[in-house]
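Note sheet for the following structure.
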2 protein chains.
Amino acid sequence: MREKRDLLSIGHTAFDYIIQVNEFPLPNSATTINKMRTFHGGAAANVAVVASSLGLKSSLISAVGGDFLGSTYQDQLKNLKINVDDMILVEEDKTPTAFVLTDENDDQIFYFYWGAATRFKESPVPIEGILDAQAVHLATGDPTFNCKCGKFARENEKLISFDPGQDLHMYSSQDLLDVLQICDILFGNHHEIDRILKSINMGIGELQDYGPSIVVETRGRKGSVIYSTEKIVIDAVERDPTDPTGAGDSYRAGFLKSFLAGESLEYCGKLASSVSSFIVEAEGCQTNVPNLEMAEKRMEGYFK
Amino acid sequence: MREKRDLLSIGHTAFDYIIQVNEFPLPNSATTINKMRTFHGGAAANVAVVASSLGLKSSLISAVGGDFLGSTYQDQLKNLKINVDDMILVEEDKTPTAFVLTDENDDQIFYFYWGAATRFKESPVPIEGILDAQAVHLATGDPTFNCKCGKFARENEKLISFDPGQDLHMYSSQDLLDVLQICDILFGNHHEIDRILKSINMGIGELQDYGPSIVVETRGRKGSVIYSTEKIVIDAVERDPTDPTGAGDSYRAGFLKSFLAGESLEYCGKLASSVSSFIVEAEGCQTNVPNLEMAEKRMEGYFK
């Protein structure tokens, strides 16, 4: 008998390499890495980890490689009691890995390795995992897999949120129409929401009639805007940002935590802003994660 | 009571990432990694692993990070009974890591992270590790640490071989003079030997009078040349090369195994060529490693 879960996150679990160099080498030359740190990442896992810390019973479905077994990442998910029964394990390949290289001018180069995540496409819908959950969050990951998981979740009347994030370019207009039709909440940053609307040739009102009645646009330091029957503007909770990476994912976790607790959209946005303000204070997407009490306290102090 | 060892290798133990992309991204853009594999590497470890497979009681002194603990690399060294009692562990940093990126045109970019190996410089001479060994091989690694280990080994009448390899550019002319003065065997490829001679402004004969009476120049597919009281030319044992990486290190291990067994220099070179022919047949520096019987059998078949 499987335990009921509040939130199932579907999409990437990844290893992030944050690398600093003086300059990017030309072909056929070498450079020394000045600093290199590895972090736990992947948008779906980021949401699951923060949601779990905020008190949601979370589960996570990602495709991971042999290097995940026995890793500190696996230990961390276990410690947070995140259900990983339906993880797709591809022992002969690697867990998705992101390399972010930054030079002295703060220019960046990104390398992404999909690895095990190439298996999403052919993987069956995780029926039990979806049935066990109250809500399903579709994060970065394979569009085909996200679409079919979303459809099954819709048929079973789950609350569905969708955040294509940096994988947005992988979605055709039809893919987007398919997923948007069955989701309740769409998350995206300013650029992503614009790009989605252009791709499906709709305005925000049309989109809300077509699919997600709630559209949440996150704007980094400029806060966020929640489109529902009204437009709600939420300030960012300003902190000295060390590393903005993961702020968006933690916002989503904070929002969903409050939403599932039946709070108002304004409250959801404010708590979400507070949660993400913790994440930007430290390097990595899953570091300095607050619990609910910490997030509420900071929210109450800030939005007085 | 510590067990006597045949060969102590000093220098890098590293993780190697072999990465294939379509093209190298421009600053502020992203690219997908088509293929990524990780291998055990680092020149000192490569020599220790192959030497151990060939039957030498080996020990290894490298600076490794927290990621080394519990890794498959640690397991492998343990399985090969390589003594790692004197390893320098820097838990808060990473094991040295090399990223080798290759694009569709076979152009390459190299990134190196020294990580834990920055600690070599300030580490004390591993007195017991050196005293316990019959021979000491100084591989890629920190010049200062290599110099002081070499001097102590000389004072204690150890056989010393030296292979600065890709770290050659880190040695000043004085560093080179210091190490060359106390070593018995110098290993290098064609370019490295040329560069060393230029740096110290000597011819090969002068170098042999000054320090290493034996200079071994490896030339990839063109075989190797051993300079001693005579010049011995050894053919490469030709195999269809899958990956030349690690060939040089395995040659050194094969050479030292035979040398410590009292074989002639010609025999040492032939066995070394045979050993390296196994390594080039598979990807990685520590894969397809032969035992002594396999290496001898192939040598005997080839040099008939």
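A few comments on the model shown:
- Test for B:Ile88: is it more than 23 Å from B:Asn288 (Cα to Cα), at the interface with another protein chain (Cβ under 8 Å from one of its Cβ atoms) and of a type outside the set (D, E, K, R): no
- Of the residues contained in segment B:119-129, one or more are found to be in contact with an Asp or Glu (Cβ under 6 Å, 6 or more places away or on another chain), under 26 Å from A:Ile19 (Cα atoms) and open to solvent by 40 Å² or more (accessible area, probe 1.4 Å).
- Scanning segment A:187-213 for residues that are under 17 Å from A:Ser258 (Cβ atoms) and under 17 Å from the mean Cα position of the chain (by Cα) gives a single hit, A:Phe187.
- Single condition B:Asp163 does not satisfy, out of (1) open to solvent by 40 Å² or more (accessible area, probe 1.4 Å); (2) under 23 Å from B:Ile61 (Cβ atoms); (3) among the acidic types (Asp, Glu): (1)
- Subset of segment A:56-76 [within 14 Å of chain B (Cβ to nearest Cβ) and of a type outside the set (Asp, Glu)]: A:Gly65, A:Gly66, A:Phe68, A:Leu69, A:Gly70, A:Ser71, A:Thr72, A:Tyr73, A:Gln74
- Pick from segment A:29-55, criterion at the interface with chain B (Cβ under 8 Å from one of its Cβ atoms) and polar (S, T, N, Q), ranking: nearest to the chain's Cα centre (by Cα): A:Thr38
- Applying the condition of being touching a Phe, Trp or Tyr at 6+ places or on another chain (Cβ under 6 Å) and among the β-branched types (Val, Ile, Thr) to segment B:51-99 and asking which residue is nearest to B:Tyr17 (Cα to Cα) yields B:Thr97.
- Within segment B:5-40, being in a loop (DSSP other than H, G, I, E, B) and under 30 Å from B:Lys148 (Cα atoms) holds for B:Gly11, B:His12, B:Thr13.
- A:Val49 assigned to a helix (DSSP H, G or I), of a type in the set (Val, Ile, Thr) and either in contact with a strand residue (DSSP E or B) (Cβ under 9 Å, 6 or more places away or on another chain) or closer than 24 Å to B:Phe99 by Cβ (or both): yes
The values are calculated or read from the model by the stated rules, or taken from the named source; none is laboratory data. Quantities reported herein were computed from a predicted structural model and do not represent experimental measurements. Neighbour counts are summed over all protein chains in view; Cβ atoms, including those assigned to glycine, are modelled from backbone coordinates with ideal geometry. Ligands, DNA and RNA are stripped out before the accessible areas are found, and what is left, the full protein with its side chains, is counted by its heavy atoms. Shrake-Rupley method; radii C 1.70, N 1.55, O 1.52, S 1.80 Å.
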